[in-house]
1. Output yes when any residue across the range 86-97 is more than 20 Å from Thr179 (Cβ to Cβ) and either out of contact with any helix residue (DSSP H, G or I) (no Cβ under 6 Å at 6 or more places or on another chain) or within 12 Å of ligand 2 (Cβ to nearest atom) (or both), and no when none is.
2. Tell me, yes or no, whether the range 206-224 has at least one residue that is assigned by TED's automatic domain parsing to the domain that holds Cys169, within 19 Å of Tyr327 (Cα to Cα) and surrounded by 15 or more Cβ atoms within 10 Å (Cβ to Cβ).
3. If a residue must be touching a residue at least 40 places away in the same chain (Cβ under 8 Å) and of a type outside the set (S, T, N, Q), how many such residues does the range 23-35 contain?
4. Looking at the range 126-144, which of its residues are in a helix (DSSP H, G or I) and either under 22 Å from Lys244 (Cβ atoms) or not assigned by TED's automatic domain parsing to the domain that holds Arg199 (or both)?
5. Which condition breaks for Ile202 when tested against (1) buried (at least 20 other Cβ atoms within 10 Å of the Cβ); (2) assigned to a helix (DSSP H, G or I)?
6. Identify, by number, the condition in (1) part of a helix (DSSP H, G or I); (2) within 16 Å of the chain's Cα centre (by Cα) that His217 doesn't meet.
7. Need the failing condition index for Thr36 against (1) among the β-branched types (Val, Ile, Thr); (2) out of contact with any Cys (no Cβ under 8 Å at 6 or more places or on another chain); (3) within 12 Å of ligand 2 (Cβ to nearest atom), just the number.
8. Which helices (runs of 4 or more DSSP H) sit wholly inside the range 226-343 and have at least 3 residues that are among the aliphatic types (A, V, I, L, M)?
Amino acid sequence: MADKKELEQITNCAMCANMCKYSCPTYLATGKETITPQKIARLILYEEKAFIDDKQGFFDVMFQSAMCGACKVHCVYDNYDLRKFIQRGRSKAFKEGMLPDETRKRIETFMRFGNPYGERQLLQKGTGDLGYFVSCSAYNDQQLLKAMDRIISVSKEQVHEFGGADICCGAPLYYAGDTEGFKRAAGKMKGEIDKRKLRRVIADCPNCMKMMTEVYHEVGVDLDVEFVHTTEFLNALLKEGKIKVDRANTTATFHDPCILANDIGVTTDPREVLRVLGFEIREPVYSREDTHCCGGLCGARIGDCRLTDKVSSMRIGELKETAADVYVSACPTCKAVLSDVDMKDITELVAEQIINE
Ligand code: SF4
Ligand code: SF4
């Protein structure tokens, strides 16, 4: 542990009543008591005190958290985030070469191509100091990219779009515990932003936004730009009258991406956009800061894939209970993982309903 305060924090967590487990999607989806926040904290404390013989077992548990932040939101202590300690466990696994197979493969792809998916074209168009960073998940989603292009063109905003090739925020490296690799990726992203002289950047992926606004700082990389999430950008365009939309007059359920709700704190903008689009919003039982991870967050996806399937099946069930006409989210990964409910990105809904040309 770095200091006495951290030792006290993890000890408190290890001895806690563990009520936050009822917000933990991996526990709720699997019923596995061993991966609840308090049990994870206890393992971390035992590892700190060198009580753990089964290193592989310890590291496996570190990769079974979705890193969604629900335990932070529902914690009985202020300013405590168990993920900081889980992340250190992952870094140890990386250093000792004991990553889960799936994680290792993704990291190897990243080392070769500078992104988690493989060889890609550079995506670059437009000019100006307002950037749009196309996340790696959005790069694979042509419908989402076309929708964003349409909105940019109709609104007449000057937007400098960039992404693809080896431009990635580095989140896969971070969640794999490769701190040095992540630091290099953060430095590269800073170079990409600086050379384009951007002042503000739109992020379509909440996780990229978290990396660039919060986690880069922890590794000593500070970006001199303001970030806005797509939902904030769309809401502003509608409020300023730069785009006009038709009303749908039907029902929609919004799935709050966990990082957008738990870390970025954006839950109102998407709902305001949906209301302007004429949707009656049907909230799932778990929404806003009570949302459940889709299962696709880097934390789970590059760890234990069986866990991803269980968490996503649970979330799909919760969403279907609303029986809405449309299911919508604001993260390209959530859209891909929750495709069983015909999930759309909110950007697509806005583009479909634009009426000013
Ligand atoms: S995360 Fe917070 S509420 Fe949950 S077990 Fe740890 S200390 Fe208790
Ligand atoms: S970050 Fe999410 S998945 Fe991990 S222990 Fe906390 S609530 Fe559970």
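1. Residues of the range 86-97 more than 20 Å from Thr179 (Cβ to Cβ): none.
Within the range 86-97, not a single residue is more than 20 Å from Thr179 (Cβ to Cβ) and either out of contact with any helix residue (DSSP H, G or I) (no Cβ under 6 Å at 6 or more places or on another chain) or within 12 Å of ligand 2 (Cβ to nearest atom) (or both).
2. Here is the first cut: in the range 206-224, the residues assigned by TED's automatic domain parsing to the domain that holds Cys169 are 206-224.
Then drop every residue that is not within 19 Å of Tyr327 (Cα to Cα), which leaves 206.
If we keep only those that are surrounded by 15 or more Cβ atoms within 10 Å (Cβ to Cβ) as well, we get 206.
Yes, because at least one residue in the range 206-224 is assigned by TED's automatic domain parsing to the domain that holds Cys169, within 19 Å of Tyr327 (Cα to Cα) and surrounded by 15 or more Cβ atoms within 10 Å (Cβ to Cβ).
3. Step one: list which residues in the range 23-35 are touching a residue at least 40 places away in the same chain (Cβ under 8 Å), which gives 23-26, 28-30.
Narrowing the set further to residues that are of a type outside the set (S, T, N, Q) leaves 24-25, 28-29.
Matching residues across the range 23-35 total 4.
4. Pass one, the range 126-144, residues in a helix (DSSP H, G or I): 136-139, 142-144.
Listed by number, the residues that qualify are Gln143, Leu144.
5. Failing condition for Ile202: (2).
6. (2)
7. Single failed check for Thr36: (2).
8. It comes to 230-239, 268-276, 305-320.
The values are calculated or read from the model by the stated rules, or taken from the named source; none is laboratory data. In this text, all values refer to a predicted model and were calculated from it rather than measured experimentally. Counting neighbours? That spans all protein chains shown, and the Cβs are built from the backbone with ideal geometry, glycine included.
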